[in-house]
Amino acid sequence: MTDLRALLQLALATSYSIDRELGRGGMSTVFLAEDRKHHRPVAIKVLLPEISYALGGERFLREIELAASLSHPHILPLHDSGDADGILYYVMPFVDGETLRERLDRDGRLPVARALRIAREVADALDYAHRRGVVHRDIKPENILLSHSHALVADFGIGKMVSAAVGSQITHSGIAVGTPAYMSLEQAAGEAHLDGRSDIYSLGIVLFEMLTGTTPFHAPTVQAMIAKRFTSAVPSISDIRDDVPAAIQQAVETALARTPVDRFATGAEMARALGDVQAAGAPPPSASESRHATGLTPQALPSPRSIAVLPFTNMSADPENEYFSDGITEEIINELSRLRTVHVAARTSSFAFKGKQADLRNVGAQLNVRMVLEGSVRRSGNQLRITAQLINVADGYHIWSERYDRELRDVFAIQDEIASAIVNTLRITLLGASESTGTRRSANVQAYELYLKGRYYFNRGGLGRALTLFEQAARKDTSYAQPLAGVADCYFALANLSYLLPAEGYERARTAAERALALDDRLADAHAAMATIKCYYDWDWPAAEREFLRALDLNPGLANAHYFYALALASHGRAHDALGEATIARELDPLNRQIATGVARAHLVARRYDRAIEVLEQSLTLEPELSATHAWLAIAYLETGRLVDAADESARALALANVPVFTALDGYVAARVGSPQRAREVVRILEKRGGGVAIFVAWVYLGLDDHGAALEWLWRAYEEHSDWLIIIVAMPVCDPVRAEPRFAELVRKIGLDFSGSISRT
């Protein structure tokens, strides 16, 4: 590399004095130099000649500009970059420290606290970069520098550039973007469009190595090692060292989930999970803060027949039984919510207090309830002990308590003798009378446990894992309806997020929902699932509304049914009715930020942009990482002329969830704020995905004010049976074409009748 050093010195003589080579890797060589102007040491990285040739100077400088804009305490900044006679280089501060690789090579493994702090700092840096659209693609110990015991992540943005080069002109050279031992499965498979969850996977491997001194998967060849990740579970850290809490193992397994949807959604989520291992989470906000954050007006005194069921504590020695204690809690919530005369806080709001030593008066104030049920579950083999206490939140008085010792022999012993016994006692305590829920249960304990595990992962966004578990439960007991409703929910979500084409996702959801209803016509969840199919895929609004009303008749406390009914009403231009249903959903589940978007959607359809902004902005104060909130906020900002804010919010939504709908939003906003080239690039990106994206391409063309193309793609969306079609046509994005005859015909074909309820601006 003497010749390269000489060439670099000759090209950069006026700015830098090259000292010596610091090291070299698969993509670059690093030199120590002095910045002549500022008299400071710097590190200059020079890309390999073949990569420089493939990229070209103009493209390199354009691509690295985004990386240069990153400014974060745990990201190594970029001072300078350039093209010196075909030599592509970038300049960073020289860090007086060591890389994490050097530290691991010396010490083997790190103290738990130190490893967690480094991982949290890297996760925080990743979250910042991902929100700005930058995916690292090569997180590994060599790219994590340690300065004064803190982490600095280097080489942001370089992986994307080199990936473009490798994928085009120099594949034959054998250069790999990313390091096989650390790259995600989707990166190893050669997927071009990676999102931040790929970096989360790599960080999970780095954390495993910091704790154990070795990476989790080993094999004689790279191909065998990657294949092993598809077939082998993550090794147990406790088998290697015994001072690592089980919660860390769980966090590592989440980061290393095979499918991105089952991983932490963001770096911030991973950082919080690791932080919670050592310290209790921050207390929930006060009642006044909670109401302000959701846009709630001051509530009336809670009903005497109002209750929240807090997550039962898992007292078992095995932390894997967490799903069981959560499942018992959810079963009790579901049983109680079917009672018309009891107000029951929904699951999401109750579970906001999981693992926190919350003051019960504060719980009562936030959830607007008079009583709280709390308890614990201890499981050892086939033996169960469940305790439960019903408490008056005003004075802490125990209204009722009971302990149940049972054997895990069949599901009736669990649900009928435990959950139903608790519910029956509460009925007497709260109502003074018995009120039947009429539910049917499985008699197969394995099916029941699989179902509980499915709900556990579904509630955490792990759709792939949840779907597998629900299907296994349904196979274990072919007369068990609840897992089939779960299967329908999973397929609906997968189609709505564009992981499946509408025809595939919704037809599979329909099959599961029909099977569930054939087994149990009184299962509210199955009717709610069928309602979404009828509404968003069949475009059969009368049938959809009948199913929504049937679900809510069976279970008036089903917050999600109220929420999806509200969205459907908004799509049909019934903004007032939608606001009413969304408000009920929010009252049932006041701490669920997803449900708050239902209120905002109703305001957007009614063109009450200021009210939508108020609700969404307040919601973000409690849950800043919900992508849908940022997306709807971007639209509201556009309609009120806040173009810069709209661009920021659309970028945040896409960084949090890299799915086609938010890609389309990014293109739409780009067009509206004066960046048509970016919008057309988004169109090209979407078209490359193939089927199922017509509605999103139409959305971008609406932003470009190309009415002809927009209408053409809207009709293609009709042919694809896109579930997003009835959502988009009611929104203000379609106002420019609302008076077009072809648009009116489309609206008629999908069964909408706005009857003047949507303004034509």
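The values are calculated or read from the model by the stated rules, or taken from the named source; none is laboratory data. Everything quoted here is computed from the prediction, not taken from an experiment. Backbone-built Cβ (ideal geometry, glycine too); neighbour counts: all protein chains shown. Side chains included, ligands, DNA and RNA excluded: accessible areas come from the protein's heavy atoms. Shrake-Rupley method; radii C 1.70, N 1.55, O 1.52, S 1.80 Å.
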Handout entry: Listed residues Arg370, Arg347 arranged by accessible area, highest first, probe 1.4 Å
Key = Arg370, Arg347
Practice task
Using every pair of alpha-carbon atoms in region 643-730, split the distances into 10 Å bins beginning at 0 and state the percent of pairs per bin, rounded to integers.
Solution key: 20, 54, 25, 1
Completion exercise
In degrees, nearest 10, the alpha-carbon axis of helix 57-68 is tilted away from the dominant principal axis of the alpha carbons of the chain by 50
Practice task
With everything on Cα atoms, drop me the angle between helix 445-458 and the longest principal axis of the chain, reported from 0 to 90° to the nearest 10.
Solution key: 50
Problem - the chain - percent of accessible surface contributed by carbon and sulfur, probe 1.4 Å - result: 49
Fill in the blank from the handout: Note: the chain, point scatterers on Cα, Debye, no solvent; log10 I/I(0) at q = 0.04, 0.09 Å⁻¹ equals -0.18, -0.91
Handout entry: Most positive-pole-ward Cα, Leu450, Met225, Ser722, against dipole of the chain from beta carbon charges
Key = Leu450
Practice task
For His562, His721, His576, write out the residues from largest to smallest accessible area, computed with a 1.4 angstrom probe and no ligands counted.
Solution key: His576, His721, His562
Handout entry: Solvent-accessible area per residue for the chain (1.4 angstrom probe, square angstrom)
Key = 40
Fill in the blank from the handout: The percentage of Cα-Cα pairs in region 12-91 separated by more than 21 Å is 29
Practice task
From largest accessible area down, sort Lys534, Lys228, Lys45; use a 1.4 Å probe on the protein chains.
Solution key: Lys228, Lys534, Lys45
Completion exercise
the chain: relative contact order from alpha carbon pairs under 8 Å, six or more residues apart, as a whole percent, is 8
Problem - Convex hull projection area averaged over all views, region 73-139, Cα basis, nm² - result: 6.3
Problem - log10 of Debye I(q)/I(0), alpha-carbon scatterers only, for region 487-531 at 0.15, 0.17, 0.23, 0.31 Å⁻¹ - result: -0.32, -0.40, -0.66, -1.01
Exercise for the section: Could you tell me the accessible area of Arg593 in Å² (1.4 Å probe, neighbours in place), rounded to the nearest ten? Expected result: 20
Exercise for the section: Please give the per residue volume of the convex hull enclosing the alpha carbon atoms of region 517-562, rounded to a whole number of Å³. Expected result: 59
Practice task
Run the 1.4 Å probe and let me know the accessible area of His72, rounded to the nearest 10 Å².
Solution key: 30
Problem - Projected area averaged over orientations for region 188-248, convex hull of C-alpha atoms, nm² - result: 4.9
Handout entry: Sum of -39500 (n - 2.57) over DSSP H runs of 4+, divided by residues of the chain (222 nm, nearest 500)
Key = -16000 deg cm²/dmol
Problem - On Cα atoms only, tilt of 541-554 relative to the major axis of the chain in degrees - result: 70
Problem - Long-range HN-HN contacts of Ser306 with modeled amide H, under 5 Å - result: His343, Arg370, Met371
Problem - Value of D in µm² per second that Stokes-Einstein yields for region 688-733, Kirkwood Rh from Cα pairs, at 10 °C (1.306 mPa s) - result: 154
Handout entry: Hull volume in cubic angstrom per residue (convex hull over the Cα atoms of region 90-129)
Key = 94
Fill in the blank from the handout: Using alpha carbon centers only, region 590-656 is separated from region 505-538 by a whole-angstrom value of 30
Fill in the blank from the handout: Phi-derived 3J(HN,Hα) across region 72-88 with the Karplus relation (6.51, -1.76, 1.60, θ = phi - 60°), rounded Hz, x for Gly and Pro, is 8, x, 10, 10, 5, x, 10, 7, 7, 7, x, 10, 9, 6, x, 8, 8
